[in-house]
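Notes follow once the structure below has been shown.
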Amino acid sequence: MKNKKMCVALSALFLTAGALGIVGCGSGGTEDGYEKLSSKDLPATTSVISVKDYRDKVKGGIAGAMTGVAYGFPLEFIYKTWTPESQLPVWKENMIRNGYDQDDVYLAVTAIEALDDLGLDVTSRRLGLYMYNKDFEFWNGSNNDALARGYAPPFAGYPKQSTPHYTCAYSDGNSYQCGALFGGLLGLNMTGFANEICQKFGEICTYGDGIYSTQFIAAMYGEAFFTNDVQRIIDAGLAAIPADSWSALIIQDVLSNYGKGMSAEQNFTEIETKWIRNPEYNWTVWPNGDNVTPGTGILLDAKCCSAFTVLGLLYGEGDIEKSMKITVQCANDSDSTAAATAGILATVQGFEKLDGAYKNGLIADQKIKYSRSTVNSLTDTCEKLMKDVVKRTGGKVAYVDGALSFVIPESAKKAEIEEYKCSKNPAPMEVATYTQEEMDQMRLIADPGFERCSSESRSGVSSTYLANGWTSNLPKNVSIEFRAQTAYTGQNNAKIAARQDGAVELYNTATVKKNTNYVLSCMIKTSEAFSSEFSLAVWSPAGSLLRSGVCEVNGEWTKVTLAFNSGNNENVRIGMILNGGKAADFVRVDDFELRLK
């Protein structure tokens, strides 16, 4: 056993040198390589959370976010001002399943997957390509087309009204503020790191307050791992952003009104008058408005969305249902704001202590839209990443009083706050563009994973509906399976039934370069005792077969590929052919990809 006096001396020495300041005085290492520490020997400012509790709170935060988004979704953009309580939905536990389908959840989930795939040091430039190629249907970063026009982050998120370049029309939008869960799950109270990853994602499609509001929500999530004090949680959010930013000032107004004894509705009215109806602060021409008047259209303003979440936290008294009701009464983008409110409070509670009404409706094996993750597997990914995050921020993974824990020093909790950048009057920024090589990696197939399932088929399996951009010569033999736990990733896949008297084709259209070599691929899974013939195929725009190849398949998910040359075509059909061997045969396909060879 180490000498205790020597441990104390070494601890002081390390602190003086600016090192970790966390030294164990236990019995040394363990078989799994982790050090043993005693909490009584750690500096008082050190944060410690066991891996078990971390996992429980991660899972709680995910379930809470899914609860909030599912609760607020029926009223999303229905109301623009305070919503009467009589109009609010009644929560039922099976409503949570709608959370698997929502952008406010899948943005956070795919951000975590991106960091897992690309590493914690990945640039926003690379993240822009990764996220754009997901082809989300609801996300400013994939729909404002700045990336498709060749602008790279951070310039892709620069306010378009301040540059002759057409970049981002909604730079203060809540594109990542609504999915800031990822920053809290991976940042905890390590504000410097949380701010770093929030900025990397945020600047893909936002600027200024669009980024600060993301950092604010993430910091509140992070603090919720360590306290149930709502004021402390809000203060942690404010400490993460410039104090003179509009994102901070609107929250200060909410707090001030609350301190004056105003009701939630009165507080909202004050915020609405100053921040929403006032073009000084809400100067953007939002989507679905008159395209002329500032503030008109659906309100996607990130700082206002943060204020609505804080209103729910303050007046909800720690009760999830009461809190998300108040947030939803603030109207506008009610599902994203309620997702943060419920998510933060569920993080405080943790999954095990969470009321069954907010978790019993979860589906164990259901993947979240656009992702490869279930709730459980995402928790595993977060634990894996956190072990690296804690180390890179100066902390360590160690046994503390016998429990494997994340040990976070005081130095990791402080962030260097930048000078406020206002989207209304932004600082000059150097133009950043993607290279042609990077542009060639951009999305070539619309909806490659069949995720854009329309409401008409959400009751289960549709035998007639085909996902966005996809066509079949025999549509009755093609169905989009929705939330049936059959997809390789995401919620959906296409199921193609064989015909003994002919071939079933399924194809999409892609823009290509002439006389260029490409590789087409997809994931495929066959029925048992499969005797039909499956081929990947490429056709001319008129439908003439350019190339096809029979693929070796089996009963498990398998990746199959086909190399081809585009010839003299600028557009081609790409897809598959199923030549029926017996009527009982079928295949499931998912995640098509087209890339340069």
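So, Glu31, is that one at pLDDT below 95, among the charged types (D, E, K, R) and within 30 Å of Met324 (Cβ to Cβ) or not?
Against the criterion (at pLDDT below 95, among the charged types (D, E, K, R) and within 30 Å of Met324 (Cβ to Cβ)), Glu31 does not qualify.
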Any hit, segment 384-401, residues being without any contact (Cβ under 8 Å) to a residue 40 or more places away in the chain, touching a strand residue (DSSP E or B) at 6+ places or on another chain (Cβ under 6 Å) and not in a strand (DSSP E or B): yes
Hits in segment 479-530 - residues which are within 30 Å of the chain's Cα centre (by Cα) and of a type in the set (Lys, Arg): Arg483, Lys495, Lys525
Where a residue in segment 530-552 is at pLDDT 95 or above and its partner, wherever it lies, is open to solvent by 20 Å² or more (accessible area, probe 1.4 Å) and of a type in the set (Lys, Arg), with Cβ under 6 Å and at least six apart: Val538/Arg547; Trp539/Arg573
Test: residue in segment 209-223 that is open to solvent by less than 10 Å² (accessible area, probe 1.4 Å) and assigned to a loop (DSSP other than H, G, I, E, B): no
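When the residues of segment 416-438 are filtered to those that are open to solvent by less than 40 Å² (accessible area, probe 1.4 Å) and of a type outside the set (Phe, Trp, Tyr), which remaining residue is farthest from Ser171 (Cα to Cα)? Before the answer, list the steps.
Restricting attention to segment 416-438, the residues satisfying the condition of being open to solvent by less than 40 Å² (accessible area, probe 1.4 Å) are 422-423, 426, 432, 434, 438.
Next, from what is left, pick out any that are of a type outside the set (Phe, Trp, Tyr): 422-423, 426, 432, 438.
Numbers: Cys422: 10, Ser423: 7, Pro426: 10, Ala432: 16, Glu438: 23 Å.
Among those residues, the one meeting the criterion is Glu438.
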Any hit, segment 231-241, residues being open to solvent by 10 Å² or more (accessible area, probe 1.4 Å), closer than 27 Å to Pro159 by Cβ and touching a residue at least 24 places away in the same chain (Cβ under 8 Å): yes
Close pairs (6 angstrom Cβ cut-off, 6 or more residues apart or separate chains): within 21 Å of Glu223 (Cα to Cα) in segment 345-368, surrounded by fewer than 16 Cβ atoms within 10 Å (Cβ to Cβ) anywhere: Val348/Asn228
Yes/no for Ser411 being farther than 18 Å from Ala219 by Cβ and either in contact with a Cys (Cβ under 7 Å, 6 or more places away or on another chain) or small (Gly, Ala, Ser) (or both): no
Pair list, Cβ < 7 Å and 6+ apart or interchain, from segment 500-513 residues that are touching a residue at least 40 places away in the same chain (Cβ under 8 Å) to residues that are open to solvent by 50 Å² or more (accessible area, probe 1.4 Å) and of a type in the set (A, V, I, L, M): Gln500/Ala583
From the options Thr347, Thr327, Thr341, Thr393, residue that is farther than 30 Å from Asn133 by Cα, polar (S, T, N, Q) and in contact with a Leu (Cβ under 7 Å, 6 or more places away or on another chain): Thr327
The one condition in (1) within 23 Å of Lys92 (Cα to Cα); (2) surrounded by fewer than 23 Cβ atoms within 10 Å (Cβ to Cβ) that Thr327 fails to fulfil: (2)
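Would you be able to tell me the number of residues in segment 350-359 that are part of a helix (DSSP H, G or I) and either modelled with pLDDT under 95 or under 22 Å from the mean Cα position of the chain (by Cα) (or both)? Spell out how you get there, then give the answer.
Going residue by residue through segment 350-359, those that are part of a helix (DSSP H, G or I) are 356-358.
With either modelled with pLDDT under 95 or under 22 Å from the mean Cα position of the chain (by Cα) (or both) added as a condition, the list becomes 358.
The qualifying residues number 1.
Evaluate segment 321-331: report whether one residue or more is assigned to a loop (DSSP other than H, G, I, E, B), touching a residue at least 24 places away in the same chain (Cβ under 8 Å) and within 30 Å of Thr269 (Cβ to Cβ). First the steps, then the outcome.
We begin by selecting, within segment 321-331, every residue assigned to a loop (DSSP other than H, G, I, E, B); these are 330-331.
Checking the rest, the ones that are also touching a residue at least 24 places away in the same chain (Cβ under 8 Å) come to 330-331.
Of the ones still in play, those that are also within 30 Å of Thr269 (Cβ to Cβ) are 330-331.
For segment 321-331, residues assigned to a loop (DSSP other than H, G, I, E, B), touching a residue at least 24 places away in the same chain (Cβ under 8 Å) and within 30 Å of Thr269 (Cβ to Cβ): present.
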Of the criteria (1) under 23 Å from the mean Cα position of the chain (by Cα); (2) of a type in the set (A, V, I, L, M, F, W, C); (3) buried (at least 21 other Cβ atoms within 10 Å of the Cβ), which one Leu42 fails: (1)
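Residue check: is Ala240 over 24 Å from Asn425 (Cα atoms), in contact with a helix residue (DSSP H, G or I) (Cβ under 8 Å, 6 or more places away or on another chain) and aliphatic (A, V, I, L, M)? Can you show your working first?
Details: over 24 Å from Asn425 (Cα atoms): no; in contact with a helix residue (DSSP H, G or I) (Cβ under 8 Å, 6 or more places away or on another chain): yes; aliphatic (A, V, I, L, M): yes.
No, not satisfied.
Kindly evaluate Pro153 against the criterion of being open to solvent by 10 Å² or more (accessible area, probe 1.4 Å), outside any helix (DSSP H, G or I) and not polar (S, T, N, Q).
Working: open to solvent by 10 Å² or more (accessible area, probe 1.4 Å): no; outside any helix (DSSP H, G or I): yes; not polar (S, T, N, Q): yes.
The answer is no for Pro153.
Please determine whether any residue of segment 360-374 is outside any loop (DSSP other than H, G, I, E, B), within 18 Å of the chain's Cα centre (by Cα) and buried (at least 19 other Cβ atoms within 10 Å of the Cβ).
Here is the first cut: in segment 360-374, the ones outside any loop (DSSP other than H, G, I, E, B) are none.
So far as segment 360-374 goes, no, none of its residues is outside any loop (DSSP other than H, G, I, E, B), within 18 Å of the chain's Cα centre (by Cα) and buried (at least 19 other Cβ atoms within 10 Å of the Cβ).
Rundown of residues vs (1) charged (D, E, K, R); (2) in contact with a helix residue (DSSP H, G or I) (Cβ under 8 Å, 6 or more places away or on another chain), yes/no style:
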site: Thr273; (1), (2): no, no
site: Asn278; (1), (2): no, no
site: Tyr281; (1), (2): no, yes
site: Asp301; (1), (2): yes, yes
site: Cys304; (1), (2): no, yes
site: Ser323; (1), (2): no, yes
site: Ala338; (1), (2): no, yes
Members of segment 274-307 found to be in a helix (DSSP H, G or I) and within 28 Å of the chain's Cα centre (by Cα), listed by number: Trp275, Ile276, Ala302, Lys303, Cys304, Cys305, Ser306, Ala307
Criterion: more than 21 Å from Lys424 (Cα to Cα), hydroxyl-bearing (Ser, Thr, Tyr), open to solvent by 20 Å² or more (accessible area, probe 1.4 Å) and modelled with pLDDT of 95 or more - qualifying residue of Tyr281, Tyr258: Tyr258
Cβ pairs under 6 Å, 6+ apart, first in segment 37-56 and touching a residue at least 12 places away in the same chain (Cβ under 8 Å) and more than 15 Å from Val389 (Cβ to Cβ), second of a type in the set (D, E, K, R) and assigned to a loop (DSSP other than H, G, I, E, B): Ser39/Asp401; Asp56/Glu352
Meets criteria (charged (D, E, K, R) and surrounded by 16 or more Cβ atoms within 10 Å (Cβ to Cβ)) for Glu272: yes
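The values are calculated or read from the model by the stated rules, or taken from the named source; none is laboratory data. Source: prediction; values computed, not measured. Because the Cβ atoms are built from the backbone with ideal geometry, glycine has one as well, and the counts that use them run over all protein chains shown. When the accessible area is computed, the model is the full protein with side chains, heavy atoms only, and any ligands, DNA or RNA have been set aside. Shrake-Rupley method; radii C 1.70, N 1.55, O 1.52, S 1.80 Å.
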